[in-house]
Amino acid sequence: MNRIDRLHAILTHLQSKKRVTAQEIADRFSISLRTVYRDVKALDESGVPVIGEAGTGYTVMEGYRLPPVMFTQEEASALLLGSKLAEQFTDGSVKKHFSAALFKIKAVLRGPDKEYVESLTDSIEILSRRPVTEEISRHYLSLFQQAIVHKKVVDIKYQSPMREETTKRNVEPIGLLYYSSAWHLIAWCRLRNDYRDFRLSRMLNVSLGEEQFDASTHPSVQEYLRQITAEYQLEEAIILFEKDRARYVQEQKYMNGFVSEEDLGNVIRMKFMTSSMSYFGRWLLMYTSHVRIESPDSLRLLMQELGEKLYKHYSC
């Protein structure tokens, strides 16, 4: 990237956040802090009102705006792909806003770039494995985003997954997660007096209240995940996959605690850390005799027991 392009990119970055540190700019553009200082000074001398505060970072004076941003074909294509993903993995509240944003982006594209993006639109499809019954029919994602940012208490009517009961909860949201083909809200539940993981598809009704909660009493969603992970007792498993079968585990290995792999020629040695050896063993059954267990011995014994149960079941 030449210096002119970098200066423009730095200015765009400065306007994307309330405050940006010199180190953040250096890390993003792979330049030294000295170069950052020179570039910011060049922006200031060119008439851009950059305000620098010692120890806190840079900000652009309120009211200053760049002329319309131009997108490259690659950037516009990436946004198109994002919109396709949004159609499958978000709800109506987010789809609507994403669609409106993409429409505005298309409006500022140059003629050839518009044609490029249009030709791709009908050539990309995202197929979801989520059953129709699991589709998010209620428009809650946008509401929870507002609640998280503005620190607002949310009232939810929730269907318990274990017991056939419905409860009303007052919760303090700290973050949203997407896993196991569903969106989940992580929040402090005042009813249970603890943090809870609420699946959005089990919410029967949601309303945003006016009460604000003190966010400083809660961890960030990243801190929460680290705490949860630390509480699990993880066990190591070393598995040898036949090379021609290893390619079939690429997607699922990350869901089963994949850590690393080593190419040994005819086999791939993979290391996993799992919180449930029983669940892990049942996953390995999919690969029958095409895998070998290097360790631990307890997993090898478990697989023998599972194999005997299957044999007895199908011998009847």
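The values are calculated or read from the model by the stated rules, or taken from the named source; none is laboratory data. Just so you know, these numbers come straight off a predicted model, no measurement behind them. So basically every Cβ, Gly included, is an ideal-geometry build from the backbone, and we count neighbours across all protein chains shown. Heads up: the accessible areas ignore ligands, DNA and RNA and are worked out on the full protein's heavy atoms, side chains in. Shrake-Rupley method; radii C 1.70, N 1.55, O 1.52, S 1.80 Å.
Given a 1.4 Å probe, how much area per residue of segment 232-316 is accessible, in Å²?
Values: 5780 Å² over 85 residues.
Per-residue accessible area for segment 232-316 comes out at 68 Å².
Between [x] 15.3; [y] 24.4; [z] 22.0, which matches mean projected area of the Cα convex hull in nm² calculated for the structure shown?
The value computed from this structure is option [y].
I'd like to check one number: the per residue accessible area of segment 19-60, probe 1.4 Å, reported in Å² as a whole number. Mind showing how you got there, number by number?
On the way: 2450 Å² over 42 residues.
For segment 19-60, the solvent-accessible area averages 58 Å² per residue.
Restricting to DSSP H runs of at least four residues, report the calculated mean residue ellipticity at 222 nm for the chain, -39500 (n - 2.57) per run over all residues, nearest 500 deg cm²/dmol.
Values: 11 runs with 131 residues, N = 316.
That comes out to -13000 deg cm²/dmol.
May I ask you to give the solvent-accessible area per residue for segment 150-189, in square angstrom, as obtained with a 1.4 angstrom probe?
Details: 1980 Å² over 40 residues.
Ligands and nucleic acids excluded, the figure is 50 Å² per residue.
Give me the net charge of ALA78's neighbourhood, meaning all other residues with Cβ under 15 Å from the Cβ of ALA78; Lys, Arg count +1, Asp, Glu -1.
Values: positive: LYS84, LYS106; negative: GLU74, GLU75, ASP113.
Local net charge: -1.
Calculate, for LYS114 and ALA182, the FRET efficiency according to 1/(1 + (r/R0)^6) with r their C-beta to C-beta distance and R0 30 Å; round to the nearest 0.05. Walk me through the numbers before you get to the answer.
Details: r = 36 Å, r/R0 = 1.18.
Efficiency, rounded to the nearest 0.05: 0.25.
If we count GluC sites (Glu not before Pro) as exposed when they sit in a DSSP loop and have at most 13 other beta carbons within 10 Å, what is the longest stretch of the chain that avoids them all? If you can, show how the numbers build up before the last one.
Values: sites that count: GLU62, GLU125, GLU135, GLU164, GLU165, GLU251.
Of all site-free stretches, the longest is 166-250.
Counting pairs of Cα atoms in segment 132-278, how many percent are more than 26 Å apart? Please report the intermediate quantities before stating the final value.
Working: 4479 of 10731 pairs.
Result: 42 percent of Cα pairs exceed 26 Å.
Quick check: the angle from helix 141-150's long axis to the longest principal axis of the chain, C-alpha only, nearest 10 degrees?
The angle comes out near 60 degrees.
Mind listing which trypsin sites (Lys or Arg not before Pro) in segment 1-67 are in a DSSP loop and have 13 or fewer other Cβ atoms within 10 Å? Let's see the in-between values first.
Numbers: sites: ARG3, ARG6, LYS17, LYS18, ARG19, ARG28, ARG34, ARG38, LYS41, ARG65; in loops: LYS17, LYS18, ARG19, ARG65.
Those satisfying the criteria are LYS17, LYS18, ARG19, ARG65.
Could you state the angle between the C-alpha long axis of helix 3-16 and the longest principal axis of the C-alpha atoms of the chain, as a value from 0 to 90 degrees rounded to the nearest 10?
Helix 3-16 sits roughly 70 degrees off the main axis of the chain.
Strictly over 32 Å apart at the Cα level, which of LYS41/LYS114; LYS18/LYS95; LYS96/LYS157; LYS17/LYS104 would you flag in this model?
Values: LYS41/LYS114 36 Å; LYS18/LYS95 26 Å; LYS96/LYS157 25 Å; LYS17/LYS104 21 Å.
Result: LYS41/LYS114 exceed 32 Å.
Of the accessible area of segment 253-316, with the probe set at 1.4 angstrom, what percent is carbon plus sulfur? Spell out each step's value before the answer.
Working: 2380 of 4330 Å².
It is 55 percent, rounded to a whole number.
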